[in-house]
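This report refers to the structure that appears directly beneath it.
The values are calculated or read from the model by the stated rules, or taken from the named source; none is laboratory data. Model, not experiment: these values are computed from the prediction. Methodologically, a virtual Cβ is constructed for each residue, glycine included, from the backbone with ideal geometry; neighbour enumeration extends over all protein chains shown. Heavy atoms of the whole protein, side chains included, go into the accessibility calculation; ligands, DNA and RNA do not. Shrake-Rupley method; radii C 1.70, N 1.55, O 1.52, S 1.80 Å.
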Amino acid sequence: QVQVVESGGGLVQSGGSLRLSCAVYGSGVGQSTWGWYRQRSGKVRELVATVESGGATHYGDSFEGRFTITRDGNKKTLYLQMNSLKPEDTAVYYCTAGSPTSTAWGQGTQVTVSS
């Protein structure tokens, strides 16, 4: 069974940076795509970025250039470096990872960007 635990959220001023981390637990997770999603208040959950086991990345609209997703397979940890943050980036950020038999979502970590 796969489990993921996010950390690193918090309050930051507009223009600032944060790095989110996600610890991935379970067997068989190394070959799967891992990703970050977010959900702003009153909005549907949206893709931020994903990274394949080989390192190929995919970003949702408006994130590439400000956000960078990376993964450390040895540490089983996923990261999201967020720069030039804007108030509209305020959201709960979720990590997801899977194995051939299951997919896990974390509880989310709150990111609040003040103007």
| query | Going through the stretch 66-115 one residue at a time, which ones are among the hydrophobic types (A, V, I, L, M, F, W, C), in a strand (DSSP E or B) and either open to solvent by less than 40 Å² (accessible area, probe 1.4 Å) or modelled with pLDDT under 95 (or both)? | reply | Phe67, Ile69, Leu78, Leu80, Met82, Ala91, Val92, Cys95, Ala97, Ala104, Val111, Val113
| query | Considering the stretch 1-38 alone, what residues qualify as being within 26 Å of Gly73 (Cα to Cα) and of a type in the set (S, T, N, Q)? | reply | Gln1, Gln3, Ser7, Ser17, Ser21, Ser27, Gln31, Ser32, Thr33
| Elements of type strands (runs of 3 or more DSSP E) in the stretch 1-61, at least 1 residues being modelled with pLDDT of 95 or more and surrounded by fewer than 13 Cβ atoms within 10 Å (Cβ to Cβ) | 10-13
| task | Any chance you could count how many residues in the stretch 97-115 are of a type in the set (Gly, Ala, Ser) and over 18 Å from Leu78 (Cα atoms)? | result | 2
